[in-house]
Amino acid sequence: MNRSARPDRTPRPAAPEGDFARPAGHTPGLPAAASFDELGLPAGIRELLTAQGVETPFPIQAATLPDALAGRDVLGRARTGSGKTLAFGLPLLVRTAGRRAEARKPLALVLVPTRELAQQVTDALTPYARELGLRTATVVGGMSIGRQATALREGAEVVVATPGRLLDLVERKDVRLDRVETTALDEADQMADLGFTDQVTALLDLVREGGQRMLFSATLDRNVDLLVRTYLHDPVVHAADPAAAAVTTMDHQVLQVHGADKFATATEIAARDGRTIMFLATKAAVDRFTAHLRGSGVRAAALHGDKSQPLRTRTLQRFAGGEVSVLVATNVAARGIHVDEIDLVVNVDPPADHKDYLHRGGRTARAGDSGTVVTLVTPDQRKDVLRLMAEAGLRPRVTQVRSGEAGLSRLTGAKAPSGVPVDGSAPSAERPKRGGAQFRGIGTVPGKPGRAKNASRRSAEERKLAEARKAARTRRGH
């Protein structure tokens, strides 16, 4: 498709600040479906839904499935964990069923921003694809491009891909997209945020002109305007949640901590019972804090972009299976990590903006469950974090806490770690005897734990010693 072939020049309503501008649609959408029975889905698909405990459509599914199954272009917004994958996946599969792809020429395409989300989408759709006799292929970076080329050469009706790797395969002539009839973009705004817009538009220029386009995300803002204006024809818009939806089953808390006590507090929270995700700002910080937690007796694992894809997949499997109780991650995990029964998300480092906050928090309170999102702030961060959360439509409770206090345990379930290293990890060198593990080195020079910019080794060691003494006095209540 030529990208300039059908841009929508019709004046559109002004967008609220930060929100996307709604397209001026001409054809009204179909009424929402009250049940799967009225959608005319194949019997095998209905049986699979029932077997997996999906009895009635989630709101975003009820709203979008009638239009998507009818072949309409759809723009859908709903919070994470609300069933978006089946909202676009079922129509894509049902409308592709009965056709057979030639070698290297898929018939349907799902574009996603991250490897993790690609795998999650593949896992969610594979049982339904198998029921309909459709072959799937997952195309992502960090894995063997030769094996992916082989899967495409052998024929796959449905491809789930990240933009960069799919373009690599296009350039190698291992895949052609001119037979793709149905295209879904999941988390399109994040692809724009990550700078993938040019890659996405290059791929959409290659798919069959006049085919169906579906764009779904937890947030839809002005970053998706180009995609909507250029590639969606007379789309129907469904928003199951407002632009900055605060999940009603989430408890949002801001815990103000002393700077020297921040990581002792985070360590005690990590030692709680239950499944927890903790977000930090950098890959190096994630690795250091994970090593510290394991040395303190917490079953933790790290997840970030420098990890190989097999290791990232294994880490998520261990977390989902309960072998690991704490996942320490950068924003790579803020979208696309679909693990049930996560009842606590901790922003050890505050997020950069309100969208990051919403997507980090969206790892809990999924599908109507309850959950808590805790953000640790130092006094100098408090004002900026509260402003960020106001932009997300939230008014959190703010509580001053210290490690070892009963109040921290009451709010988060925090407790002192065992101090017994996990799986041969080295004991934490700075763990106090009482178990309130202190941690240093984050927020300093990358790759040089504990050292501030231009600081000598000696001054860094003196500063660390002073911080440790201050933290000890703080915990003793002096």
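Quick note: the coordinates plus some simple rules give every number you see, no bench work behind them. Predicted model only: the values in this text are computed from it and were never measured. Cβ sites come from the backbone with ideal geometry, for glycine too, and all protein chains shown count toward neighbours.
Structure notes:
- The distance between label points at GLU154 and ASP384 comes to 5.0 nm (points 7 Å beyond Cα on the Cα→Cβ vector).
- Sequence of GLU268, GLU341 once ranked by neighbouring C-beta atoms within 10 Å, starting from the fewest: GLU341, GLU268
- Overall form of region 108-156 per C-alpha gyration tensor (a/c, 1.5; a/b vs b/c): oblate
- Peptide packing: for 278-284, 97-103, 61-67, the average count of neighbouring Cβ atoms within 10 Å per residue gives the ranking 61-67, 278-284, 97-103, highest mean first.
- In this label model, THR56 and LEU194 are separated by 3.5 nm, measuring between points 7 Å along each Cα→Cβ vector.
- Selection from PRO235, ALA151, THR138 lying farthest towards where the dipole of region 36-239 points positive, charges on Cβ: ALA151
- Among VAL328, VAL139, VAL224, a tally of other beta-carbon atoms within 10 Å of each Cβ gives an order, fewest to most, of VAL224, VAL139, VAL328.
- Across LYS307/LYS355; LYS283/LYS415; LYS283/LYS355; LYS173/LYS307; LYS355/LYS415; LYS262/LYS283, pairs whose alpha-carbon gap is larger than 22 Å: LYS307/LYS355; LYS283/LYS415; LYS173/LYS307; LYS355/LYS415
- In a fully extended conformation the segment linking ARG208 and LEU226 would gain 4.6 nm over its present Cα-Cα distance, using 0.36 nm per residue.
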